[in-house]
Amino acid sequence: MTTEPDLVTVRREARARRRARARVRAAIGAVVGVVGVACVAWAIMGAPAPATAPSSASVTPTPQVTTPTEAAGGTVALPKGRARPRLVVIPALGVKAPVEPMPVIDGVLTPPSPATTVGWWDRSARPGSSRGTVVVAGHKVQAGGGAFDTLGTLNPGDRATLRTMRGRVHYVVKRVVTYDRATLAQKSKSIFRQGGRPRLILITCEDWDGQAYRSNTVVYATPVS
């Protein structure tokens, strides 16, 4: 004979489901807030005030381009086995920065220090994965010294490489977009999606107003041979 669940049990199960959903939302929310919070924290921890006022950034996506090195059908040969990134190289910016994992702790995703080190969200895809988005975030310091200080100057066709213990994964920049915080939050599911074709997202803060960063620069890149 079956019995109806008592009210206490029903309430406990409902609370458990709400907590599970909240953890998922917190993970995405942490990624959305990571760079803005990180840059503010960096400024509080002693980064000099900006030497000059930042210029306004465009919110219009740059056009996508197709490079001749991309394989037909959008497929490329990826290294055998996925592995966490250990170094990011962006020749156009002169960037060669170590990469450290960024775990979510108490709902907060904290980028590594010093500012010359970048972070890889450890719940995102790994380089070499056949699906999903590799998320790499770096500091911007208005007075200089951040790994991603000039990230917003990248152009479609520029290259980025992630080095792992299993090899290298090369990417070509498709577009560079600056989002204000509200727009970034609205687009978070698509920006940080973990399904679909493999790609790389590079992200940093933008639009310093003298007290805080108001926007984020997001670079979309896809793997190439």
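Read-outs throughout are calculated quantities, based only on the coordinates presented, and are distinct from any laboratory measurement. The model shown is predicted, which means the values in this text are computed figures rather than measured ones. Positions of Cβ are backbone-derived with ideal geometry, glycine not excepted, and every protein chain shown enters the neighbour counts.
Arrange the following residues from fewest to most other Cβ atoms within 10 Å of their Cβ: Lys140, Lys96.
Working: Lys140 27, Lys96 14.
Exposure proxy ranking, most exposed first: Lys96, Lys140.
Only counting other Cβ atoms within 10 Å, I'd like Tyr220, Tyr171 sorted with the fewest neighbours first.
The order, fewest Cβ neighbours first, is Tyr220, Tyr171.
For the range 79-224, report the translational diffusion coefficient in µm²/s to the nearest whole number, using Stokes-Einstein at 25 °C, 0.890 mPa s, and a Kirkwood Rh over Cα pairs. Walk me through the intermediate numbers first.
Values: Rh = 15.2 Å.
Taking Rh from Cα pairs, D becomes 162 µm²/s.
What residue among Ser113, Tyr171, Met102 has its Cα farthest toward the positive end of the dipole of the range 79-224, where the charges are +1 on Lys, Arg and -1 on Asp, Glu, each on the Cβ?
Of the candidates, Tyr171 comes out farthest on the positive side.
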